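What follows is a single structure, written as structure tokens, with notes after it.
The values are calculated or read from the model by the stated rules, or taken from the named source; none is laboratory data. Quantities reported herein were computed from a predicted structural model and do not represent experimental measurements. All Cβ positions, even for glycine, are placed from backbone atoms using ideal geometry, and neighbour counts span all protein chains on display. Side chains are part of the model used for accessible areas, which takes the heavy atoms of the whole protein and leaves out ligands, DNA and RNA. Shrake-Rupley method; radii C 1.70, N 1.55, O 1.52, S 1.80 Å.
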Amino acid sequence: MEQPVTGPASQEPGQQALFAWPERPPDRAAHAAFRDSPQARRLLDVREVYAEPAALDSPRGRQIMARLPGVRVTEVAGHWGIPSLHGNDGNISRWVRVKTETLVLGVKHTLVTRPNGRSADWIAPGASNGCAMACAYCYVPRRKGYANPITLFTNIEAIVAHVRRHVRAQGPKPAPNQCDPQAWVYDIGENGDCSVDALVCDNTADLVAAFRGLPTAKASFATKFVNPDLLALDPRGRTRVRFSLMPAEDSRLLDIRTSPVAERIAAAADFLDAGYEVHFNLSPVVLRPGWQRDWAELLTHLDDVLPARVKAQAAAEVIMLTHNQSLHEVNLGWHPRAEEVLWQPAAQETKRSLNGALNVRYDREIKRHSLERLRQLIADHAPWLRIRYAF
């Protein structure tokens, strides 16, 4: 039986190690993979795969399919616009089932790294699109329409090679900024959740390993799912995990199929001790009666349970809710209760995005006052939590 970590760090009062992993597992294969556990299978139990032929024929595609013996495979010309998934409004009533049982394999042909400047310096080409979780406010399914299961891109070698070239072309970071004082930060999970992807394949592991060898850069991804398999990846400080947090009442209503917020918080020290930088996303901030009280309670809980070593390196992003008219209409078909707090026309204004979608966000003055209030709550209840940016 594995023993908890011992030494000075384990004597620190407060949070106990959630997973009780040894400091450096001597043999990763000797530890039962979380991805094979009943908990993981409840989230993702693949029964059908849609795949491009080139994805099936790739080493990563073969690895994925070897873990899914007997699963039905339908070959498709492209991973985007699969008729039985995308644009099929019959899937609204099967929203969660599709996410649980369907997997798409594709090849990412366009490899582009885009500037960001908020959460990260750069947005790397993602190794996935879509998710097995079902957060009611998620922006990713807005473009897909009616179904948003995980699409995994199997040409991970090309993605990693592109990122390495991009990092090396930048050279050392010339000056500190809100993303990081020293390293170029690359978001590797813009359109998916890397922790969930790791239940299916080694794309996340490959990206973490790549950044381990890039001293001028860091990977970064936000997650709402605690996957202890990631503790064995040995990131050596070159990957930032951002645990997304919101009050428990909001999470129970809106963060469907995610790890409980308390579990995400409890995992912070384990991930820090495993070599990750650990930040938090206070996101999305949803305005509804009692929101200030519940955020104060969450921040107090953070202050109470996080050990000093986590607080010393922590920072936060604060992101107010942005919603979307098309997603609002989809949600009414499978989770209408969520729309009672997400869709608030009296407090929101419309904004046409660059791709033509009609988004809604809080009125400018309401947003400004709410951000000021949340900053004050952080100062009062978790003054150690540095805010990297808020919008």
Val185's amide H: which non-local residues (gap 5+, or another chain) put their own amide H closer than 5 Å, with H modeled 1.01 Å from N in plane and none for Pro or chain starts?
Asp121, Trp122, Lys218
If you roll a 1.4 Å probe over the chain with all protein chains in place, what percent of the accessible area is carbon or sulfur?
52
Once amide hydrogens are built 1.01 Å from N within the peptide plane, the residues lying 5 or more places from His79 or on another chain with amide H under 5 Å from its amide H are Val107
Per the C-alpha gyration tensor (a ≥ b ≥ c, the square roots of its eigenvalues), segment 250-309 is rounded if a/c is under 1.5, else prolate if a/b beats b/c, else oblate; here it's prolate
Work out the count of Lys pairs in the chain where the Cα-Cα distance is under 23 Å, with the pair 8 or more places apart or on different chains.
11
Return the calculated 222 nm mean residue ellipticity for the chain, to the nearest 500 deg cm²/dmol, obtained by summing -39500 (n - 2.57) across DSSP H runs with n ≥ 4 and dividing by the residue count.
-9500 deg cm²/dmol
Full-extension gain in nm, Ala379 to Asp303, via 0.36 nm per residue minus C-alpha separation
26.2 nm
Where in the chain are the DSSP H helices whose alpha-carbon span along the long axis reaches 18 Å or more and whose Kyte-Doolittle mean is at least -1.0?
156-170, 291-305
Spelling it out for His335: with amide H atoms placed in the peptide plane at 1.01 Å from N, the residues 5 or more places away or on another chain with amide H under 5 Å from its amide H are none
At Arg168 and Arg288, where each label point lies 7 Å from the Cα along Cα→Cβ, what is the point-to-point distance in nanometres?
5.0
Between Ser93 and Val73, 0.36 nm times their residue separation minus their Cα-Cα distance comes to what?
4.9 nm
Where does each of Asp36, Asp363 land when they are ordered by accessible area, with a 1.4 Å probe and the largest first?
Asp36, Asp363
So what is the diffusion coefficient of the chain in µm² per second by Stokes-Einstein at 37 °C and 0.692 mPa s, using a Kirkwood Rh over Cα pairs?
151
Length gained if Trp80 through Arg62 is fully extended, taking 0.36 nm per residue and subtracting the Cα-Cα distance, is 4.4 nm
What nm value, rounded to one decimal, do you get for the distance between Arg386 and Arg364 when each label is placed 7 Å out toward the C-beta?
3.1
